[in-house]
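Structure first, then comments.
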Amino acid sequence: VRAVEAMPADKLDWKPEETSRSALSQLQEIAMAPPFFLRVIRDGSDFKFDDHAQAQMEEMKKKFSDLDSCRSAAMSGTGELCQAISEFPDDRLDEEVTLPFAGGMVMSMADFLGLHQWNMVYHYGQVCYLQTMLGMMDMP
């Protein structure tokens, strides 16, 4: 969140190439991710990325069209996710879940529980890289 907040307001949607993602796009994903993770944690079900799920994500993305809405959802969703992770039973850590990425990625719940943190770090790096392209050399 701090990295995106440090971007010049007129550059939140800037991307160096058409196929690249903007800083706001990076934060949109972070804002949209917790409900997905919570669903898997609470339901223990594999998530199928079908046309219905895609439509739901596109609808959700419309709600996160600016920095304020993304910030709020990212912070509250991540807080709710942290609570669910802290309450996750140890005896379920070896359970496996199939994710809709890379043709069906299988991982243990122990690994899955750290995925949102990994994804946030990844997107933080992406935003920092965009900042270096803009000549912003101080880390936020």
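So the values come out like this:
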| item | result |
| --- | --- |
| Candidates ASP111, ASP90, ASP13: whichever shows maximal mean-square fluctuation once the chain is modelled as a Gaussian network with Cα springs under 10 Å | ASP90 |
| Relative contact order for the range 1-122, counting Cα pairs under 8 Å that sit 6 or more residues apart, in percent | 26 |
| Diffusion coefficient, µm² s⁻¹, Stokes-Einstein with Kirkwood Rh over alpha-carbon pairs of the range 64-140 at 4 °C and 1.567 mPa s | 87 |
| Ellipticity estimate at 222 nm from DSSP helix runs (n ≥ 4, -39,500 (n - 2.57)) divided over the chain, nearest 500 | -19000 deg cm²/dmol |
| 1.4 Å probe accessible area per residue over the chain, in Å² | 61 |
| Structure-derived Cα extents along the principal axes in Å: which label, when the choices are [x] 48, 32, 25; [y] 46, 34, 31; [z] 61, 37, 28 | [x] |
| Sulfur and carbon atoms: percent of accessible area, the chain [1.4 Å] | 53 |
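The values are calculated or read from the model by the stated rules, or taken from the named source; none is laboratory data. Fair warning: this is a prediction, and the values are worked out from it, not measured in the lab. For the accessible areas, the whole protein counts, side chains as well, though only heavy atoms, and no ligand, DNA or RNA atoms are used. Shrake-Rupley method; radii C 1.70, N 1.55, O 1.52, S 1.80 Å.
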